[in-house]
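Input: a single structure, listed below in structure tokens.
Throughout, read-outs are computed from the coordinates displayed, never taken from laboratory work. Computed from a predicted model, the values in this text were never measured in an experiment. Heads up, the Cβs are rebuilt from the backbone with ideal geometry, glycines too, and the neighbour counts pull from every protein chain shown.
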Amino acid sequence: MSEWNAETADWYAKKYGDYPSNKLGINELEILDNSTIIDIGCGTGEALRHASGKITGGKFIGIDPVPRMIEIANEWTENHDAREQIEYHLGSAENLPVEDGIADYILAFDSIDHWQDIEKGLIEVKRIMQPTGVFAIVKDKSVPGASQAIETLTGELESVGFTVKDKKEISKQEIEFYLVICQLDL
């Protein structure tokens with residue numbers, strides 16, 4: 001699907017809204033209590049809802065460029081225990097609607113391929129990230145060319161000032177994905 005609108009958002013939510021890589025990716029991260037976590041391309045908000053169950057306190061911010069996806073995320077979160085700590089905002093990776101240096105963890109779970117300008121998006125990630133923050137990227141291995149895309153992405157990350165701390169291939173619950181963990185190159 002090349003164009004995201006209300007119809008594609010509803011289709012995505014029904015088919016992939018609670019895709020296992022959201023929970024599995026979060027489970028691979030060592031998230032500290034009272035962290036601020038921002039999910040770029042948050043979709044239905046599943047990764048943030050799962051993260052909110054792993055830590056006490058904290059702030060969870062989902063950002064998505066599709067208005068209907070934000071509506072769905074809010075609908076799916078309204079009865080969640082941590083609903084008061086989770087918020088969703090309309091915005092793109094290239095123009096994140098949050099303040100500088102706010103994020104302890106930034107997620108791009110199966111969303112980076114949808115960014116309009118990856119370099120500009122990565123510069124925005126740097127802007128909103130704490131100096132010791134973590135940027136975690138999940139990429140589904142079943143997508144054609146995923147391995148090459150991860151290698152290309154690694155180069156792009158390094159060219160804008162990130163250090164790739166870990167790159168894992170995860171295979172659980174019949175799901176296979178890459179998890180790339182980055183930090184700022186200080």
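Structure data summary
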item: Orientation-averaged projected area, Cα convex hull of the stretch 1-139 (nm²); result: 7.4 nm²
item: Charge dipole magnitude, Cβ of K and R +1, D and E -1 - the chain, Cα centre, debye nearest 20; result: 320 debye
item: Farthest toward positive dipole pole in the chain [+1 Lys/Arg, -1 Asp/Glu at C-beta], among Gln173, Ser111, Asn22; result: Gln173
item: Partners for Lys165 among lysines (Cα-Cα distance below 25 Å; same-chain residues under 8 apart left out); result: Lys23, Lys54, Lys59, Lys120, Lys126, Lys139, Lys141
item: Neighbour-limited loop hits for GluC sites (Glu not before Pro), the stretch 85-186 (at most 11 other Cβ within 10 Å; DSSP other than H, G, I, E, B); result: Glu99, Glu174
item: Over the chain: helical MRE at 222 nm, DSSP H runs n ≥ 4 each giving -39500 (n - 2.57), nearest 500; result: -10000 deg cm²/dmol
item: Extreme residue, positive dipole direction of the chain, given options Gly145, Leu96, Met69 (C-beta unit charges); result: Gly145
item: At least 18 Å along the helix axis (C-alpha) and Kyte average at least -1.0, DSSP helices within the chain; result: 146-159
